[in-house]
Structure formats: structure tokens, C-alpha cells
1. Answer with yes or no whether A:Phe136 is buried (at least 24 other Cβ atoms within 10 Å of the Cβ), in contact (Cβ under 8 Å) with a residue 60 or more places away in the chain and assigned to a helix (DSSP H, G or I).
2. Please find, among A:Tyr220, A:Tyr157, A:Tyr180, the residue that is more than 30 Å from A:Met390 (Cβ to Cβ) and in contact (Cβ under 8 Å) with a residue 12 or more places away in the chain.
3. Filter segment A:296-334 down to residues that are among the β-branched types (Val, Ile, Thr) and facing chain B (nearest Cβ under 9 Å) and give me whichever is surrounded by the most Cβ atoms within 10 Å (Cβ to Cβ).
4. Give me the residue from segment A:248-279 that is at pLDDT below 85 and closer than 21 Å to A:Ile357 by Cα and, out of that set, nearest to the chain's Cα centre (by Cα).
5. Run down A:Val352, A:Val344 and say which single residue is touching a residue at least 60 places away in the same chain (Cβ under 8 Å), assigned to a loop (DSSP other than H, G, I, E, B) and under 15 Å from A:Val200 (Cα atoms).
6. Quick check, is A:Ala164 in a helix (DSSP H, G or I), surrounded by fewer than 22 Cβ atoms within 10 Å (Cβ to Cβ), out of contact with any Cys (no Cβ under 7 Å at 6 or more places or on another chain) and modelled with pLDDT of 95 or more?
7. Considering only segment A:200-218, I want to know if a residue exists there that is within 21 Å of A:Ile360 (Cβ to Cβ), buried (at least 16 other Cβ atoms within 10 Å of the Cβ) and either in contact with a strand residue (DSSP E or B) (Cβ under 8 Å, 6 or more places away or on another chain) or of a type outside the set (A, V, I, L, M, F, W, C) (or both).
8. Can you pull out the helices (runs of 4 or more DSSP H) entirely within segment A:7-55 that have at least 2 residues that are within 14 Å of chain B (Cβ to nearest Cβ) and of a type in the set (A, V, I, L, M)?
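The values are calculated or read from the model by the stated rules, or taken from the named source; none is laboratory data. Model, not experiment: these values are computed from the prediction. Cβ placement follows ideal geometry from the backbone for every residue including glycine, while neighbour counts extend to all protein chains displayed.
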Amino acid sequence: MRNIPFSKTYLTHVFGLSLAVCAIYWPVYQFSFLYGWDDQWFVTNHYTEGGFGLSNLWEILSTFHYGQYAPLNQLYYTLLYTFFGYDPFYFHIASVCLHLANVLLVYSFLSRIVPKLRMNEAIIQKRAPFFSALFFAILPINVEPVAWVSASKVLIYTLFYLLALLTYCKYLTLSEKPSYYYLTLFFFTLSFGAKEQAVVLPACLLLLDWLYGRNLKSHYVLLEKLPFLVLGLLYGITTIQSQGLVDNRSFYSLYERIFLGAYTLMEYYTKSILPVNLSFLYPFPFVSGETIPWWLWIHVLAIPIILYCFYKYLKRHWVFFGLSFFLFHIGLVINFFSLARHSVIADRYAYVSTIGISLIIAISVENLLRKIRNRKLVNVVVVIYLGILMVYSSSHVFVWRSTHALKKRLKTTIEQRADFSELKKYKL
Amino acid sequence: MKNKKRLKAFVGILLLIVIIAIHLYVAANYYFLESRKLTDFFIWQSDATPDTIEK
């Protein structure tokens with residue numbers, strides 16, 4: 001795609017993706033800040049109002065805020081406040097613009113990646129990046145970071161993360177030109193400045209090395225990653241320090257975390273492809289020390305068997321790349337490492353990893369269309385599926401219109417819980 | 001050989017369907033999850049106060 005940046009197909013794809021994003025997210029202009037849901041400290045705070053004076057900038061860069069280190073995200077709020085004050089309209093529109101930029105970057109990134117996936121069919125190379133980006137754009141699980149202002153750090157981190165991946169692709173294709181390498185390092189730093197999930201970039205760069213056919217045993221290739229690893233380590237330490245400021249509630253044992261990890265992994269996977277009853281808060285399936293429910297055992301036993309059964313299939317370049325991309329980015333948040341959370345999963349954590357799933361689904365459909373006789377049926381099923389996703393996302397957006405709407409949604413979902421009466425006293 | 005491949009595919013797909021069905025059931029009825037973490041969360045949220053200097 002890089003050779004024909006302004007071709008008719010390219011412009012049609014860009015227009016289609018922009019239209020899909022606008023069709024889903026247009027209602028956000030009327031949404032308010034969620035003062036009962038983190039916006040009261042993440043967005044409206046003294047850093048936001050402090051302007052771009054040296055003392056405020058220093059404070060933003062050098063301090064942790066409520067157990068988080070996201071200076072770039074804070075600077076983004078400060079910038080918006082400087083121009084527009086606390087007008088939620090501009091904050092929401094900015095979030096939609098960031099999501100659209102990410103969708104287009106996903107399209108651009110996959111346009112470079114798909115030709116490397118060893119599929120000779122020109123039609124797949126042409127259509128798969130578009131359908132993957134479209135899937136990423138309309139997924140209901142991706143609504144949360146777009147419709148909730150406090151989650152803008154996910155959008156900003158993704159923006160710079162994708163720019164880092166794109167510049168690294170350029171670095172690999174343009175005879176390892178140093179300027180692109182330094183740009184990748186620069187974007188990596190900016191990405192971490194928005195959210196700690198960016199620390200997995202070195203692993204993702206190795207995945208790209210493999211895809212571009214580089215020798216992974218080469219000292220040069222590994223040495224190249226050293227600055228990324230050192231930075232990643234520093235960022236990791238910063239994250240641990242920032243999280244340390246939050247009180248650590250009852251932590252699960254390693255044994256329990258194996259079950260939680262398997263459950264969380266499949267929960268993210270299922271919620272990405274089959275969004276049912278999405279929420280902004282998901283209860284843990286059991287409390288530490290309690291008996292582990294029987295249905296969690298199935299996960300631990302079934303996942304290795306499924307991987308064994310599909311081993312041959314997993315060896316295909318596009319499946320391996322898509323699945324690895326998903327696992328690398330979801331690995332940090334599957335409760336195997338960090339558990340200082342109130343919710344077992346959060347939709348926003350899956351944002352980048354859904355790119356991997358989107359790619360697998362888009363190429364699977366293309367392959368099916370090539371193999372099956374009744375193409376019309378496949379096309380109809382795909383259109384219905386995409387339609388359902390769009391309709392779901394369009395309605396799910398409204399959950400985030402106000403604190404009242406958000407809590408009402410949870411209240412109706414959990415009012416049958418045994419501890420509901422206990423929750424009511426916390427002004428649910 | 002062909003039968004072995006078919007059996008593996010069948011078992012793999014069956015297990016995947018079982019797991020997805022469990023997740024869909026949990027998603028549709030997740031009020032039955034009795035985690036006290038949720039209560040902790042609301043205690044934490046009700047302690048929240050705005051951190052602004054603007055009047």
C-alpha cells in the first residue's frame with residue numbers, strides 16, 4: 001500500500017473507516033464528564049488547570065497521580081483545558097479523533113504486514129488490512145476507551161505504539177536506516193508516557209523481526225533490542241513504584257492465579273469476538289481462599305488441549321502473527337502478574353490486542369471465501385455479523401453518557417446478586 | 001492419518017465451543033459471581049473526592 005498511498009482503493013478504504021467510526025461515535029458530543037467514575041481525579045485536577053508553566057510541567061513529569069504514571073496523558077488534558085476549559089464536548093471529540101487516527105494507523109500497519117504473511121493472493125493483501133481495521137474500529141469491546149474520557153491514555157499509548165511499529169517496519173524495509181530506529185525509540189518513550197502497557201514493545205519488535213525474515217539468533221538483532229529492553233525495564237520499575245502507592249488488597253496465590261489467568265485470557269478473547277453484556281466492571285469469579293469453581297478447571301485443562309489440536313494451524317504465518325500479537329498485549333493484564341484491581345477484566349485493556357484478533361478473523365473470512373462454493377452465504381453472514389457489532393457498539397456508547405447512566409447499567413445487571421443490599425449503601 | 005486430523009479438529013472445536021459457552025453464560029448471568037471485590041470497589045469509589053483548584 002505504501003507505493004500507492006493515494007490510490008482510489010486507499011481513499012475509499014480511508015473514507016469507509018472514517019464513516020464507520022463517525023457512525024458509531026457521533027453521539028459522544030453530548031456526553032458529560034463521569035464525575036462518579038474517575039474523571040473527577042484523572043481529568044479535573046490541579047495538573048490540568050496548572051497550565052504549561054515549568055513548575056506544573058515538572059510536577060506532571062515527576063509525580064505519580066493516584067497510583068498511575070501517565071504524564072503524556074495528563075499533558076493532553078492540560079492542553080485541552082488550556083484551549084477549551086472543562087468543556088466535555090472537546091474532550092470527547094478529541095477521543096474520537098484519536099480513535100480514528102488509531103484505526104487509520106492499524107490500516108497502514110497491516111498494509112505493510114499482510115504482504116509478509118506468505119499469502120500470495122493479491123485480493124487478500126488488498127482487503128485483509130481494510131477489514132481488520134474496520135473490525136478494530138467497530139468492536140464493542142473498544143467502545144470504553146473512546147467514550148470514557150479518563151481512558152484516553154489507552155488511545156494515546158496506542159497512537160504512539162502504532163507509530164513505533166510503523167517506523168520499525170520502515171527501519172526494516174529501508175536497509176536499517178538509523179533515523180527510523182531512533183524514531184522507534186522516541187515513540188516507545190512517548191507511548192509509555194501515556195500508559196505502562198507499552199513495555200511489551202520489545203517483544204513485538206522481535207515478532208516483526210521474525211516476520212521480516214531476520215535471523216533472531218544474530219547478535220546484532222538482539223543488541224539492537226538492548227536499548228528497548230533497558231528502557232522497558234526502567235518503565236517497568238516506574239510502573240511497579242507507581243502501583244505501590246495504591247494499597248494492595250487481598251492478593252491471589254500463584255496457584256489461584258493460574259486459574260484466573262486462563263479464565264481472563266478466554267474472557268478477553270470471547271468478549272472481543274462475541275460481545276455479550278459488556279460492562280465497565282466485571283466481578284472476580286472467586287475470592288482468594290475460596291474453592292475454585294469447577295468451570296474454571298475446564299479452562300486450565302482445555303486451553304493446552306486446544307493448542308495441541310490446532311498446532312498445525314497455528315504454525316501458519318498469519319495465525320501465528322495474529323495470535324502472538326494478541327497474547328503479547330493481553331499477557332500483562334490477564335491477572336497473572338498484577339491484581340491490584342477491582343475488576344477481573346476491563347474492556348480498555350484489550351484495545352491493542354484486538355488488532356491481532358481482527359487480523360485473524362479478516363484473513364479467515366477471506367480464506368473461507370476462496371474455498372467455499374456458496375460465497376453469497378458467507379458474505380451475508382459476514383455483513384450480518386458486522387452489522388450486529390456496529391449496532392451493539394452504537395448502543396453501548398450511550399452507557400458512558402453520564403455517571404447516572406453508567407451506574408444504572410451496573411445496577412440493573414447485578415441487582416440479583418446476593419450482596420446487592422450491601423452494595424446499595426455505597427450509593428450505587 | 002486423515003481420521004486423526006479430523007478427530008483433533010473435532011476435539012479442538014468442541015472444547016473451544018464449551019469454553020465460549022461458559023463465558024457467554026457468565027456474561028449473561030454474571031450476578032452469580034459472589035466476589036467481594038465489587039464491594040471493595042464501591043467503598044473506594046465513595047471515598048473519591050475531586051482534586052480541582054477551579055471554583
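1. On the way: buried (at least 24 other Cβ atoms within 10 Å of the Cβ): yes; in contact (Cβ under 8 Å) with a residue 60 or more places away in the chain: yes; assigned to a helix (DSSP H, G or I): yes.
Yes.
2. Being more than 30 Å from A:Met390 (Cβ to Cβ) and in contact (Cβ under 8 Å) with a residue 12 or more places away in the chain holds for just one of A:Tyr220, A:Tyr157, A:Tyr180, which is A:Tyr180.
3. Residues of segment A:296-334 among the β-branched types (Val, Ile, Thr): A:298, A:300, A:303, A:305-306, A:319, A:330, A:333-334.
Now restrict to residues that are facing chain B (nearest Cβ under 9 Å): A:298, A:303, A:305-306.
On the way: A:Ile298: 17, A:Ile303: 17, A:Ile305: 15, A:Ile306: 20.
Going through the qualifying residues, I end up with A:Ile306.
4. Among those that are at pLDDT below 85 and closer than 21 Å to A:Ile357 by Cα, it is A:Ser279.
5. Numbers: A:Val344 fails: under 15 Å from A:Val200 (Cα atoms).
Unique residue meeting the criteria: A:Val352.
6. Values: in a helix (DSSP H, G or I): yes; surrounded by fewer than 22 Cβ atoms within 10 Å (Cβ to Cβ): no; out of contact with any Cys (no Cβ under 7 Å at 6 or more places or on another chain): yes; modelled with pLDDT of 95 or more: yes.
Taking the combined requirement at face value, the residue does not satisfy it.
7. Within segment A:200-218, one or more residues are within 21 Å of A:Ile360 (Cβ to Cβ), buried (at least 16 other Cβ atoms within 10 Å of the Cβ) and either in contact with a strand residue (DSSP E or B) (Cβ under 8 Å, 6 or more places away or on another chain) or of a type outside the set (A, V, I, L, M, F, W, C) (or both).
8. Details: elements: A:8-25, A:39-42, A:46-49.
Result: empty, no element qualifies.
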